[in-house]
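A short worksheet on the structure shown next.
The values are calculated or read from the model by the stated rules, or taken from the named source; none is laboratory data. Please read all numbers here as calculations on a predicted model, not as lab measurements. Accessible surface is based on the protein model in full, side chains and every heavy atom, while ligands, DNA and RNA are left aside. Shrake-Rupley method; radii C 1.70, N 1.55, O 1.52, S 1.80 Å.
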Amino acid sequence: MYRDKLDIENGMLFVFPDEDYRGFWMKNTLIPLDIIFVDKERQIINIEEAYPEPNTSEENLKTYRSDRPAKYVIETNSSFTERRNIEEGDRVVIPDRFN
């Protein structure tokens with residue numbers, strides 16, 4: 001939240017203790033993002049393009065959800081997945097230390 005930039009080849013990794021349906025919103029997020037939902041086998045479930053929603057109340061913010069239970073969520077700059085030809089079904093490398 002409150003980031004006004006994210007370096008081009010960087011992202012944020014969210015690791016959860018279990019695999020479950022996940023939902024993310026763009027509250028106080030200032031830049032567009034790709035939200036990548038990943039299962040425990042490190043396979044991409046779905047990718048959502050998320051955009052800032054300034055001046056939107058919490059109850060009206062869009063929630064971006066995983067299509068299936070996810071253990072990991074990766075946020076990158078908008079269009080990162082398109083530039084890198086990353087698609088649903090691809091596998092990602094997440095070091096074991098993040099289990």
Quiz item: Per 5 Å bin, what is the whole-percent P(r) computed from every C-alpha pair distance within the chain?
Solution: 2, 13, 24, 24, 20, 12, 3, 1
Exercise. On the protein heavy atoms, probe 1.4 angstrom, tell me the percent of accessible surface of region 15-76 carried by carbon and sulfur.
Key: 44
Quiz item: Taking a probe of 1.4 angstrom, what is the accessible area of R68 in Å², to the nearest 10?
Solution: 100
Exercise. Go through K71, K62, K27, K5 and list them by solvent-accessible area, largest first, probe radius 1.4 Å.
Key: K5, K62, K27, K71
Practice problem: Enter the accessible area per residue of the chain (Å², integer; probe 1.4 Å; all protein chains in place). | Solution: 64
Quiz prompt | Average Cα contact separation per residue, the chain, under 8 Å, 6 or more apart, as relative contact order % | solution = 37
Quiz item: How large is ³J(HN,Hα), in whole Hz, for each residue of region 25-30 in order, when computed from phi with the Karplus curve 6.51 cos²θ - 1.76 cosθ + 1.60 and θ = phi - 60°, using x for Gly and Pro?
Solution: 10, 10, 4, 6, 9, 9
Self-check item: Max mean-square fluctuation residue, GNM over the chain, Cα-Cα springs under 10 Å, options V15, V38, V73
Solution: V15
